[in-house]
Amino acid sequence: MSIDIDNSQLDIDNLLERLLKVRECHLPDKFVQISEQEINLLCEKSKDVFLSQPMLLELEAPIKICGLLCDLLWSDPDNDLKGWSENDAGISLRFGVDIVNEFLNQHKMDLICRAHKVINDGYEFFADRRLVTVFSAPNYLGSFDNAGALMSVDKNLICSFMILHSSSDLANESDDKNLDSDCQAQSVSGNMISPPVTKVDSCQKCVSWADMNDSASPQE
């Protein structure tokens, strides 16, 4: 028989303490009996906590990024390197093909997708297509003549790219031939033009690469 208790009479701190105490025991047959009303209270309080969190954090400069977070953001692949070495930018490290293979094999993964590096064609392969760099901002900072790229992964783990052409590519294309109205509308709507299709070898295990034009595909 359940006893109705006013939420104001429930102690959320005591409830959390009881739940955490069971975790510390490490006993599979140890349980905590809590009422439905206590569960509802816990959910309500959790929602209040999450909703009270600020969407943006005001941080004072300089912001120091260190440790694993720094390496995730700033480490770079290097075809001429084996193992690890200092990064030319003076931040984090460079790594070779062997590091990529070791990491993926250890964690039973097929692909690393990274960014932050300006790529002329929008994307670039590394380590026999086991790592790909995707850069999505065409004409970066207005001083680079690079294309941008978006990588799409479907439910069958087939990876494909949509290219955001640079302004110079679009200008050259319009000079070379007369674009029909459909092409002009496509350019105005965001310059998203998928590359023509040609056979490309599949990647490791589960991940595969969709067909794309070899001339438009960055070399590894």
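Every number here is computed from the coordinates shown, using simple stated rules; none is lab data. This structure is a prediction, so every number in the text was calculated from the model and none was measured. Here the Cβ positions follow ideal geometry from the backbone for every residue, glycine too, while neighbour counts run over all protein chains shown.
Results, tabulated for the structure shown:
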| read-out | value |
| --- | --- |
| Matching residues, segment 78-108, being acidic (Asp, Glu) and farther than 18 Å from residue 130 by Cα | 86, 88 |
| Single residue of segment 57-71 satisfying the filter (outside any loop (DSSP other than H, G, I, E, B) and of a type outside the set (A, V, I, L, M, F, W, C)) that is farthest from the chain's Cα centre (by Cα) | 67 |
| Residue match in segment 59-77 (condition: surrounded by 10 or more Cβ atoms within 10 Å (Cβ to Cβ) and closer than 30 Å to residue 11 by Cα) | no |
| Leading residue by the ranking (farthest from residue 78 (Cα to Cα)) among those in segment 137-150 that are in contact with a Phe, Trp or Tyr (Cβ under 9 Å, 6 or more places away or on another chain) and surrounded by 16 or more Cβ atoms within 10 Å (Cβ to Cβ) | 138 |
| Among the candidates 109, 151, residue that is of a type outside the set (Ser, Thr, Tyr), touching a Cys at 6+ places or on another chain (Cβ under 9 Å) and without any contact (Cβ under 8 Å) to a residue 40 or more places away in the chain | 151 |
| Verdict on residue 124 being crowded, with 16+ Cβ neighbours inside 10 Å and either touching a residue at least 12 places away in the same chain (Cβ under 8 Å) or not in a strand (DSSP E or B) (or both) | yes |
| Residues located in segment 72-106, provided they are touching a residue at least 24 places away in the same chain (Cβ under 8 Å) and either in a loop (DSSP other than H, G, I, E, B) or among the polar types (S, T, N, Q) (or both) | 79, 101 |
